[in-house]
Amino acid sequence: MITTRPAGKRIRVLVVEDSGFMREMIRQILHADSQIEVIGFAADGLEAIGAVAALAPDVVTMDVHMPHADGLAAVARIMAERPTPILMLSGATREGSAAAIRALELGAVDFIAKPAGRIDLGLDGLRETMIRKVKMAARVRPIRTVAISRGAPAPARPGEIVWGVPTPSPTEACVVVAASTGGPAALLTLVPALPGGLPASVLVIQHMPAPYTARLARELGARGALPVKEAEEGDRLTAGTVYVAPGSCDLSVSRHGEIRLRPAARDTDVAPSANLAMASVARYAGTLAVGVVLTGMGADGALGAEAIARAGGRVLAQDETSSVIYGMPRAAVETGCVDAVLPLARLPETLVACLQDPLAYRAWVGCAS
């Protein structure tokens, strides 16, 4: 969801950080922008929970590792009790990327990668990123969440499709899932719900820098029945396998079904590009191409949806109610090329019906209209 702020109203930010040096640095960065004001500080997760209740900030910046209660515990409590847009500050280490993915799953809006090495050497990039993401987060209407289990996917409820061995289908079928803000949590719901032996390869295009996409791939693979890997140059698409586009790279598929990677433009946050990936899949799979546009800011995926529709493929989009930001899905819907707009919980079964049985697919679309 996106909300509109009254003109002239400043964005009120709570800074949660156990380091006094970092608290002051963040304060200075945010204070430099006239549209933002820092209204308070918290030194650990417990203080953060109380400060959110007392101050009702528009946005929270949250460190991960803190005493008493860490950032993940604080996110879980805040998003369950008083949902507030939260930006995580995470290091780009293996441990940091795992924490960032978990925070996004728990309901954080986005994360800010701390510069590696001396922080002052990456200060310009940190300043630009932090201000931009705080302004973005202030436009989000957060969704109340509960702590998400890391266990096996829940069994199908009565009345749902029970997936067994898929019916035969050409291996050239390919699904492209595009996401940005709010995407990791949506992906951790969608991908693990897909059955083993899916008669299509799946490409995940999540706007996210490296090495976080590698961790996202590991988390997706650990939760469900499908094997998941971070895509590599020259990978041959295989049905029943999920490929996560590497962060900071653009991914496309050759006409022979091989993955091609190239560095993304340095001056864009739209990386990997969903439009590029979807257009290439439209050329590769034609009528067997399926696009899925999930939550995210911006319009990436709209041109890709048009390409898939022109090729005779199908396009699904997440609905506004279940989206953190209804930007990318809205842009895709406005092209007139989306076959069905669905709550996140309905997308897995509809996607499988689309791939396995056209009649079942039409029935699911009819229920959603």
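The values are calculated or read from the model by the stated rules, or taken from the named source; none is laboratory data. Because the structure is predicted, anything quoted here is derived from the model rather than measured. Here the Cβ is made from the backbone with ideal geometry for all residues, glycine too, and neighbour counts use every protein chain on show. Just so you know, the surface numbers come from the protein's heavy atoms only, side chains and all, with ligands and any DNA or RNA stripped out. Shrake-Rupley method; radii C 1.70, N 1.55, O 1.52, S 1.80 Å.
Couple of notes before you dig in:
- Qualifying residue in the range 139-150 (condition: over 23 Å from residue 189 (Cα atoms) and either modelled with pLDDT under 70 or open to solvent by less than 10 Å² (accessible area, probe 1.4 Å) (or both)): no
- Just one of the numbered conditions (1) more than 28 Å from residue 320 (Cβ to Cβ); (2) open to solvent by less than 10 Å² (accessible area, probe 1.4 Å); (3) touching a residue at least 40 places away in the same chain (Cβ under 8 Å) is not true of residue 237: (2).
- Test for residue 201: is it modelled with pLDDT of 95 or more, on the phi < 0 side of the Ramachandran plot and polar (S, T, N, Q): yes
- Within the range 84-96, tally of residues that are free of Cβ contacts under 8 Å to residues at least 60 places away in the same chain and open to solvent by 20 Å² or more (accessible area, probe 1.4 Å): 3
- Every listed requirement among (1) buried (at least 23 other Cβ atoms within 10 Å of the Cβ); (2) modelled with pLDDT of 95 or more is met by residue 56 save one, (1).
- The residues of the range 61-83 that are in contact (Cβ under 8 Å) with a residue 40 or more places away in the chain, aliphatic (A, V, I, L, M) and not in a helix (DSSP H, G or I), listed by number, are 62, 66.
- Search result, residues across the range 31-49 that are assigned to a helix (DSSP H, G or I) and either open to solvent by 40 Å² or more (accessible area, probe 1.4 Å) or modelled with pLDDT under 95 (or both): 31, 45, 46, 47
- Flag if residue 224 is touching a helix residue (DSSP H, G or I) at 6+ places or on another chain (Cβ under 7 Å), open to solvent by less than 50 Å² (accessible area, probe 1.4 Å) and over 18 Å from residue 178 (Cα atoms): yes
Yes or no, residue by residue, for (1) at negative phi; (2) crowded, with 18+ Cβ neighbours inside 10 Å; (3) in contact with a Ser or Thr (Cβ under 6 Å, 6 or more places away or on another chain); (4) acidic (Asp, Glu):
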| position | (1), (2), (3), (4) |
| --- | --- |
| 298 | no, no, no, no |
| 302 | yes, yes, yes, no |
| 305 | yes, yes, yes, no |
| 314 | yes, yes, no, no |
| 320 | yes, no, no, yes |
| 323 | yes, yes, yes, no |
| 337 | yes, yes, no, no |
| 347 | yes, yes, no, no |
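Residue-wise test of (1) under 24 Å from residue 111 (Cα atoms); (2) open to solvent by 10 Å² or more (accessible area, probe 1.4 Å).
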residue	(1), (2)
172	no, yes
177	yes, no
185	yes, yes
207	yes, yes
214	yes, yes
232	no, yes
247	yes, no
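- Identification of helices (runs of 4 or more DSSP H) wholly contained in the range 277-364 with 3 or more residues that are modelled with pLDDT under 95 yields 347-356.
- Answer residue from the range 105-134, given it is open to solvent by less than 40 Å² (accessible area, probe 1.4 Å) and in a loop (DSSP other than H, G, I, E, B) and is modelled with the lowest pLDDT among those: 115
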